[in-house]
Amino acid sequence: MLFDKVSDETTSQYGEPLQYDPEFKGPLKNRSCTDILCLLLFVAFLVGWGVVTGFAIRHGDPDRLLYPTDSVGRVCGKGEFVDKPYLLFFDLTRCATPKVIATGCPTPQVCVDKCPDSNWFYNPNPLSNGDEMRPNLTCQNGVDPFDTSMTVKDLIFEGKCAYYYVESKPLARRCIPRNITGHVDSIFKAIKATTVSEGSNILEYNMYEALFSAMKYVLRFARLQQVAEGVFQDVKTTWWVLLAGFGVAMVFSFLWILLLRIISSFMIWFSLIAFVGLAGFGSYYTLNKYLTLRDNLDNSTMSKQEFQFTLEFNQYAELETTWLVLFIITITVLIVCLFILIFLRKRIRIAISLIGQASKAVGSIMSTLFFPVVPYILQLVFLALFCVVAVLLASAGEAQYRIMCTDPGKNCECMGLKENDTCNMETFDNNSCAGAGASCQFYDYVVDPNIPRLHIYNLFALFWTMFFMSAFGEMVLAGAFASWYWAFNKPKDVPTFAVTESLGRTMRYHLGTLAFGSLIIAIVRMIRVILEYIDQKVKEKTDSKIIRCLLCCCRCCLWCLEKFLKFINRNAYVYCAIYGKNFCVSAKNAFSLIMRNIVRVVVLDKVTDFLLFIGKMVVVGAVGIASFYIFSGEIKPVQGYLPEMNYYLTPVIIITIGTFFIASAFFDVYAMAVDTLFLCFLEDCERNDGSSEKPYYMSKDLMKILEKKNKFKEE
């Protein structure tokens with residue numbers, strides 16, 4: 001028989017099979033606290049996190065991140081500039097280079113009350129003194145173009161006032177031009193008037209080349225800005241549609257779970273057939289779109305541009321390459337699914353019976369469907385705390401000033417300092433260095449050397465608390481489902497408050513075990529993050545393929561290790577919920593039980609995971625396809641009720657992602673039920689033999705498929 005027990009050699013290697021215990025009736029009530037030292041360590045760590053939070057609150061200033069800072073280091077929209085919340089760049093083209101991240105933007109930046117609503121460019125020709133141009137000047141804070149004896153030319157050439165600006169709109173409190181590419185010639189003339197007339201030997205060709213090169217970065221940023229604003233507007237106008245979509249996803253998931261409880265076998269087979277049908281339909285639809293676009297003569301222009309940079313979602317939907325890639329993905333999924341159904345059809349019958357038993361357990365203890373809300377909310381609380389602390393720590397520091405080259409045609413060296421050197425704003429003479437094209441400007445806030453360590457502490461705290469809450473939910477559910485399995489007369493003998501009793505046992509005795517298991521996973525995850533950081537640094541420093549390959553292997557091994565440890569931890573929590581042993585003992589016993597029944601684990605437990613995943617994907621796919629047809633205009637009667645959108649894919653993507661998380665919340669309960677009942681099933685097979693003294697606790701359907709039966713029933 002396929003599921004016969006493993007050999008005696010394997011049995012002796014992983015311990016002897018469990019013996020019948022007439023006193024065992026499910027999760028033990030007489031137990032003691034486990035892994036207390038780990039609990040104390042976890043509490044101390046949380047206290048340390050509180051200290052870090054207090055430090056961040058005391059020294060952090062989120063306004064530095066929320067509000068921009070001018071060249072002098074003053075925060076726009078705060079203090080003396082409360083009426084000037086926006087930041088204006090004198091020459092935004094100087095910021096449009098990749099090195100701006102490391103060196104800062106080498107152009108004066110001032111706080112203004114509003115962004116320019118018109119265009120203006122410096123031209124020294126109209127008047128001899130340029131007095132009529134003074135109302136158009138935008139100058140540094142503290143410089144009044146009317147209350148000075150300096151001419152307009154001097155104000156501009158000494159960097160006190162901007163030599164051009166274009167119509168702009170605020171983005172993140174910064175003035176971003178609406179259409180800077182339409183004024184390239186005017187900007188060029190303004191730059192030329194302030195450089196060539198001063199004797200600079202920069203060639204016009206090089207100036208044009210540099211300006212157009214800068215324009216590419218500005219245009220790319222403008223496109224990103226346009227898409228971001230379009231997506232934001234879509235979310236703003238369709239928020240009620242998104243909420244309705246999430247509501248439909250929740251109702252659909254709940255109904256699916258209820259049907260799984262009533263007709264589990266039919267729903268599983270329907271899920272498989274529906275998934276194959278969805279994959280087949282997706283293959284047909286994507287292939288049809290690809291062939292249509294390929295044969296469309298009007299698509300030739302788009303095809304030539306398919307590899308150009310673009311962020312227009314709607315344009316991607318018109319590319320034949322997009323649909324070809326989607327066709328390859330969907331046809332691959334279809335073929336893999338068909339092979340699994342063909343070669344694992346017998347195992348699927350057994351897995352369906354196990355899922356049917358899990359559905360009965362969920363149906364008898366309906367509160368298990370709603371309990372995961374508790375750890376999810378607590379996880380959101382810890383995530384919010386992490387974000388707040390991270391923002392506060394990032395905003396803690398003192399202002400740093402650096403030498404900026406405001407004129408690319410000069411050597412930018414003054415007072416013994418050159419570009420990107422740190423400078424002192426109080427002692428640096430901007431006026432005397434203006435001729436060298438150098439100025440001392442605000443660069444960034446320098447943080448204390450210990451701040452990065454606090455960031456690491458904060459990140460590790462996030463990992464540990466998130467994994468702790470996930471483990472907490474798993475152990476509570478495991479205790480409830482174990483109580484159901486080991487009740488011989490179901491549902492009569494099932495505890496009325498199974499979830500509440502399991503919650504009480506977990507909080508009273510086993511928080512230390514949860515801290516132990518989650519600490520192990522958090523350490524591995526932290527190492528993975530460090531390796532990711534090292535990998536990014538290696539990319540910047542070297543192109544060595546050997547080093548990159550070694551790092552990739554290390555990352556892959558750590559990913560596999562984390563998955564394996566999560567599997568061990570999950571079964572350890574089940575064992576601890578039943579027997580009340582500490583983490584190490586529970587992990588050892590659960591692992592030994594699994595290894596004694598390794599064949600069953602491979603061909604049964606993983607098949608059930610696959611079937612539940614298919615069910616979840618059917619829910620997500622159905623909602624995603626329905627939203628695609630609704631928002632893409634395929635269903636005409638609905639169009640009159642939908643608001644106008646910039647990108648119809650925006651609500652489709654958001655609803656699909658939200659449906660995945662909503663469906664996961666419901667199906668994860670089933671997954672935990674299956675894992676718990678599977679371990680109980682393995683113990684049931686080892687402890688009992690179906691006699692009147694040792695009856696099986698498994699369902700009749702499962703006994704029938706495994707060719708087992710309770711012998712005393714025949715008497």
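No lab work stands behind these numbers, since they all come straight from the coordinates. Predicted, not measured: the structure shown is a model, and the values here were computed from it. Using ideal geometry, Cβ is built from the backbone for each residue, glycine included, and neighbour counts are taken over all protein chains shown.
Look at 259, 354, 293 and count the other Cβ atoms within 10 Å of each Cβ; fewest to most, that gives 259, 293, 354.
Taken along the Cα-to-beta-carbon direction at a fixed 7 Å, the label points for residue 548 and residue 530 span 2.4 nm. With r as the distance between the Cβ atoms of residue 292 and residue 507 and R0 = 60 Å, compute the FRET efficiency 1/(1 + (r/R0)^6) and round to 0.05. Working from the Cβ atoms, E equals 0.50. With each label point set 7 Å from Cα along the Cα-Cβ vector, what nm distance links residue 555 and residue 263? In this crude spin-label approximation the distance works out to 4.7 nm. Taking label points 7 Å from Cα along the Cα-to-Cβ direction, residue 599 and residue 626 give a separation of 4.4 nm. Past the 18 Å Cα-Cα mark, which pairs from 539/563; 492/694; 25/581; 566/588; 360/700; 346/694? Beyond 18 Å: 539/563; 492/694; 346/694. Computed from the Cβ-Cβ distance with R0 of 22 Å, the FRET efficiency linking residue 114 to residue 61 stands at 0.35.
Fully extended, how many nm does the chain gain between residue 276 and residue 453 (0.36 nm per residue separation, minus their Cα-Cα distance)?
Gain on extension, residue 276 to residue 453, equals 58.7 nm.
Taking neighbour counts of Cβ atoms within 10 Å as a proxy for exposure, in what order, fewest first, do 285, 648 appear?
285, 648
As a proxy for reagent exposure, 592, 118, 71 were ordered by neighbouring Cβ count within 10 angstrom, fewest first; the result is 118, 592, 71.
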